[in-house]
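Visitor: Below: one structure in structure tokens.
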Amino acid sequence: MELTVDYSALARILGVNPIGVAYGMVEESIPKLIAISLIFGSLYWYFIGLIGWMNWQRRMSRFSSALGAFFIVCCALFGILGTKEVIHENSIMRVLVTPLVVIQYVLIGSLILGSFASALFSLLAAIKGKLPADIQTLP
């Protein structure tokens, strides 16, 4: 019994993970690439969510909030362009659209929508400014 790898599923994961893309350019081992993508991709998207959460609580300065909004929008655009390219390649290669593929695209879409929400929180915090230290809530 031979283990087969669905490279289109791997490409969908890498479409929203710039760290995995960079590592994938130098690594040929698929299990290592998947492990690195899952570990650093989770940290990457956690960091994006953390920026949004800290701005929701208005615990960052205006400059940091504006910088965070810019960074998050760039990450979201990278995810959109990477996913668009994978969808285009899948249509050319006639990859079968199964329920698992649909679930994967729904999860990718939720990551990207969440990043736009984080960017919105960051932008609003950049406009409103940081809360005074005595009003801030602890996590």
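Visitor: Test of understanding: among SER37, SER65, SER29, which residue is of a type in the set (Gly, Ala, Ser) and surrounded by fewer than 18 Cβ atoms within 10 Å (Cβ to Cβ)?
Guide: Details: SER37 fails: surrounded by fewer than 18 Cβ atoms within 10 Å (Cβ to Cβ); SER65 fails: surrounded by fewer than 18 Cβ atoms within 10 Å (Cβ to Cβ).
None of the others qualify; the one that does is SER29.
Visitor: Any residue at all in the stretch 58-73 that is of a type in the set (A, V, I, L, M) and either more than 27 Å from GLY20 (Cα to Cα) or part of a loop (DSSP other than H, G, I, E, B) (or both)?
Guide: From the stretch 58-73, those of a type in the set (A, V, I, L, M) are 60, 66-67, 69, 72-73; that's our starting set.
From the residues that got through so far, the ones that are either more than 27 Å from GLY20 (Cα to Cα) or part of a loop (DSSP other than H, G, I, E, B) (or both) too are 60.
Looking through the stretch 58-73, at least one residue is of a type in the set (A, V, I, L, M) and either more than 27 Å from GLY20 (Cα to Cα) or part of a loop (DSSP other than H, G, I, E, B) (or both).
Visitor: Now a separate question. Can you list residue pairs whose Cβ atoms sit under 6 Å apart, with the first residue in the stretch 36-62 being small (Gly, Ala, Ser) and the second being not in a helix (DSSP H, G or I)? Count only pairs 6 or more apart in sequence or on different chains.
Guide: SER37/ASN17; GLY41/ASN17; SER61/LYS130
Visitor: Let me ask something else. How about the stretch 20-37: which of its residues are part of a helix (DSSP H, G or I) and either farther than 19 Å from TYR105 by Cα or out of contact with any helix residue (DSSP H, G or I) (no Cβ under 8 Å at 6 or more places or on another chain) (or both)? Give the derivation first.
Guide: Looking only at the stretch 20-37, we keep the residues that are part of a helix (DSSP H, G or I), and these are 20-24, 30-37.
Of everything in the stretch 20-37, those that are part of a helix (DSSP H, G or I) and either farther than 19 Å from TYR105 by Cα or out of contact with any helix residue (DSSP H, G or I) (no Cβ under 8 Å at 6 or more places or on another chain) (or both) turn out to be ALA22, TYR23, GLY24, ILE30, PRO31, LYS32, LEU33, ALA35, ILE36.
Visitor: I would also like to ask the following. How about the stretch 84-106: which of its residues are touching a helix residue (DSSP H, G or I) at 6+ places or on another chain (Cβ under 6 Å) and closer than 10 Å to ALA11 by Cβ?
Guide: VAL86, ASN90, VAL95, listed by residue number.
Visitor: Across the stretch 83-130, which residue is nearest to VAL16 (Cα to Cα) among those that are loosely packed, with under 15 Cβ neighbours inside 10 Å and basic (Lys, Arg)?
Guide: LYS84
Visitor: While we're here: I need the full set of residues from the stretch 31-43 which are farther than 12 Å from LEU14 by Cβ and under 9 Å from the mean Cα position of the chain (by Cα), in order please. Steps first, answer last, please.
Guide: Here is the first cut: in the stretch 31-43, the residues farther than 12 Å from LEU14 by Cβ are 31-32, 35, 39, 42-43.
The answer is SER42, and nothing else.
Every number in this text was worked out from the coordinates using simple rules, so none of it is lab data. In this text, all values refer to a predicted model and were calculated from it rather than measured experimentally. As a convention, Cβ positions derive from the backbone with ideal geometry for all residues, glycine included, and neighbour counts pool all protein chains shown.
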